[in-house]
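Beneath this line is the structure, given in C-alpha cells, with notes to follow.
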Amino acid sequence: MMVDMTQAYTEATNNIRTWRTRYSADEYPHKIVINMMYRAYTMRQVWNDFMFGRLPRYNNFTTAIGEMEKYYSAVAYNSVKDNLLDWLGRQPNEQVGTLTFSRYERLASLAESDRTKKEELEFSYIFELLCDKCVLYYLAIRQCGKSSVEAIQLLTGYIIEDIPQIDYTIAKQAFIQLGIGRYMHEHYTPLP
C-alpha cells in the first residue's frame with residue numbers, strides 16, 4: 001500500500017480491545033457485526049453522495065481526507081445511526097459493499113463459544129475497516145480532481161485500467177486485491 005494504514009489498523013485493534021472489556025462474551029461478537037454494518041451502510045451513503053455530486057471539492061489531499069472523515073461522521077450520525085437496526089431487521093440478506101449482515105450474524109453466534117470463530121470475526125472487522133478507509137481516501141483523492149485510475153494508483157502503487165462502472169462494492173474489491181489483503185498478511189497478529 002502506498003498509503004500508511006497504521007493509524008486505521010490501530011483504530012480497529014483499539015476498538016476490539018475496548019469492546020472486549022465493555023461487553024459480555026455473548027454480546028461482544030454481535031457488537032463487532034453491528035459496527036461492521038454501521039460502517040458499511042455509512043460508506044455506501046458517502047459513496048452515493050459522491051456519485052450524485054454532493055461532495056465538496058478540495059485543493060489538497062490532507063484537507064480532503066480530514067474533511068471526508070468529518071463528512072463520514074456526519075453521515076453516520078445523521079443518516080445511519082437511527083436507521084441501522086431497522087435496516088438490518090428488514091433486509092438481513094442485503095449485500096452492503098462486501099458485507100451481508102445475516103452471514104456475519106451466523107459467525108457472531110458461533111464466536112460466542114468458539115475462539116477460532118471469534119478471531120475470524122475480529123480479523124474480518126479489521127480487514128473491512130481498512131478497506132473502507134481506502135474507499136474514503138479514494139473519494140478524497142477523487143474530490144481533489146484526480147481520475148479513478150490516478151486515485152487507485154496513488155493509494156496502491158498499481159496502475160490499472162479504468163473501471164467504467166465502479167461502485168462502492170467494486171472499489172472495496174479493488175482495494176482488497178491491490179493492497180489490503182497483502183497488508184493484513186504482513187501486519188495482522190491475532191489479539192491475545
| query | How are the Cα pair distances of segment 78-192 distributed, in percent, across 5 Å bins from 0? | reply | 2, 10, 17, 19, 18, 15, 12, 6, 2, 0
| said: What Kirkwood Rh does segment 31-142 have if only Cα atoms enter the pairwise 1/r average? Answer in Å. | reply: 14.9 Å
| request: Just the Kirkwood number for the chain, please: inverse of mean 1/r across all distinct Cα pairs, in Å, one decimal. | output: 17.2 Å
| request: Distance check, please: which entries in Lys70/Lys117; Lys117/Lys172; Lys31/Lys81; Lys70/Lys172; Lys81/Lys117 exceed 25 angstrom between their Cα atoms? | output: Lys70/Lys117; Lys81/Lys117
| task | Taking every pair of alpha-carbon atoms in segment 120-166, give the share separated by more than 17 Å as a whole percent. | result | 40 percent
| query | So what is Rg over Rh here for segment 1-89, counting just Cα atoms and using Kirkwood for Rh? | reply | 1.02
| field | Cα-based radius of gyration of segment 148-192 once divided by 2.2 N^0.38 Å, which approximates compact folds | value | 1.34
| query | Of the peptides 113-121, 96-104, 147-155, how do they stack up when ordered by the mean number of other Cβ atoms within 10 Å, highest first? | reply | 96-104, 147-155, 113-121
| task | Quick one, can you get me the convex hull of the C-alpha atoms of segment 9-55 expressed as volume per residue in Å³? | result | 74 Å³
| query | Of the heavy-atom accessible surface of segment 1-101 (probe 1.4 angstrom), what whole percent is carbon and sulfur? | reply | 48 percent
| Which number comes out as Rg/Rh for segment 82-134 once both Rg and the Kirkwood Rh are worked out on C-alpha atoms? | 1.01
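The values are calculated or read from the model by the stated rules, or taken from the named source; none is laboratory data. Predicted model, so just to flag it, every value in this text is computed and none were measured. A quick note on method: Cβ atoms are made from the backbone with ideal geometry, for glycine too, and the neighbour counts reach across all protein chains shown. SASA here: full protein model, heavy atoms, side chains in, ligands and nucleic acids out. Shrake-Rupley method; radii C 1.70, N 1.55, O 1.52, S 1.80 Å.
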